[in-house]
Amino acid sequence: MSNYTLTLVATDKGQPPLSSSMEVTMIVLDVNDNTPGFSQNIYDTEIEENTLTGTDVLQVFASDADEGTNGQIRFSIAAGNVNPDFRIDSVTGVISVAKPLDRETRASYSLVVQASDRGSSPRTDRSTVNIVLLDVNDCLPTFELSPYSITVQENLGNLPRNILQVVAGDDDLGTNGHVTYALSSDNDAAFSLTSSGQLSLIQTLDRETQDKYTLIITAHDSGNNN
């Protein structure tokens, strides 16, 4: 209750007694004795790593029982936003993307968000916002070696024979990072390649007929846009 109205009555002792009354209004001035409080101690959300700059991620909420400037709240990110990759609207509490994100560089964030009132001696509360970046297929498979160079004797028997294992890496997750291999050159009749990258000789070679082969091996990931 911010104000009180009292009725004062003055009565004399005459016969008959006479009296008069007046109303007195007392206004209670607010002091900054309430601390802002977040609606949640922890907020959790997930966004794709290619979320555009300026996109809203979530909104935090806090309240303060004081009045006037003592009850006005301003939001800020107090910790966890090193780059900074996110920003917060100081009035609304909306957190948005400030810079291009990359899950392969940083997969998650734990932001410490602060709510401060505007009293002469501000009171504060803090909450944690956990943001997990979801993988998108934005990394190309990369061979560990390029080119590969091997020597094979002519007239080898006991075919087929494994002659090389190629390996490519992909920093994406799940199917986006699962790599398969294929031969895409024209002179591969003497060779076969498994989807796991095992190159085999399947026909006898004759150096006098052909002494060099150049094979083109392609590494594909299993993402939707591979």
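Of note:
- Taken over the stretch 102-134, the criterion of being basic (Lys, Arg), out of contact with any helix residue (DSSP H, G or I) (no Cβ under 7 Å at 6 or more places or on another chain) and part of a loop (DSSP other than H, G, I, E, B) is satisfied by Arg103, Arg106, Arg123.
- Scoring Tyr148 on the criteria (1) out of contact with any Phe, Trp or Tyr (no Cβ under 9 Å at 6 or more places or on another chain); (2) within 27 Å of Asp33 (Cα to Cα); (3) assigned to a loop (DSSP other than H, G, I, E, B) leaves a single failure, condition (2).
- If you go through the stretch 89-118 and keep only what is crowded, with 17+ Cβ neighbours inside 10 Å and under 19 Å from Thr35 (Cβ atoms), you end up with Gly93, Val113, Gln114, Ala115, Ser116, Asp117.
- With respect to the conditions (1) under 30 Å from Thr69 (Cα atoms); (2) in a loop (DSSP other than H, G, I, E, B); (3) modelled with pLDDT of 85 or more, Met1 falls short on a single one, namely (3).
- Gln40 passes every criterion in (1) under 29 Å from Ser120 (Cβ atoms); (2) buried (at least 16 other Cβ atoms within 10 Å of the Cβ); (3) not aromatic (Phe, Trp, Tyr) apart from (2).
- Neighbours by Cβ (under 9 Å, 6+ apart or cross-chain): first from the stretch 141-153, at positive phi and surrounded by 14 or more Cβ atoms within 10 Å (Cβ to Cβ); second among the hydrophobic types (A, V, I, L, M, F, W, C) and modelled with pLDDT of 95 or more: none
- Some residue of the stretch 174-187 being aliphatic (A, V, I, L, M), in a loop (DSSP other than H, G, I, E, B) and not assigned by TED's automatic domain parsing to the domain that holds Phe61: no
- The requirement of being hydroxyl-bearing (Ser, Thr, Tyr) and under 33 Å from the mean Cα position of the chain (by Cα) is satisfied by Thr35.
- Counted residues, the stretch 188-226 - those being assigned to a loop (DSSP other than H, G, I, E, B) and either farther than 15 Å from Val166 by Cβ or touching a residue at least 60 places away in the same chain (Cβ under 8 Å) (or both): 18
- Asp30, sole failed condition from (1) of a type in the set (D, E, K, R); (2) over 19 Å from the mean Cα position of the chain (by Cα); (3) modelled with pLDDT of 90 or more: (3)
- The set of residues in the stretch 44-85 being hydrophobic (A, V, I, L, M, F, W, C), out of contact with any Asp or Glu (no Cβ under 6 Å at 6 or more places or on another chain), free of Cβ contacts under 8 Å to residues at least 60 places away in the same chain and not in a loop (DSSP other than H, G, I, E, B) consists of Phe75, Ile77, Ala78, Ala79.
- Restricting the stretch 53-71 to residues that are surrounded by fewer than 17 Cβ atoms within 10 Å (Cβ to Cβ) and modelled with pLDDT of 95 or more leaves a set whose member that is farthest from Cys139 (Cα to Cα) is Ser63.
- Odd one out for Ser90 among (1) under 23 Å from Thr53 (Cα atoms); (2) among the small types (Gly, Ala, Ser); (3) assigned to a strand (DSSP E or B): (3)
- In the condition set (1) among the charged types (D, E, K, R); (2) part of a loop (DSSP other than H, G, I, E, B); (3) in contact with a Gly (Cβ under 8 Å, 6 or more places away or on another chain), Lys99 is compliant with all but (3).
The values are calculated or read from the model by the stated rules, or taken from the named source; none is laboratory data. In this text the structure is predicted, and so the values were computed from the model without any measurement. In this analysis, Cβ positions are derived from the backbone assuming ideal geometry, glycine residues included, and neighbour counts consider all displayed protein chains.
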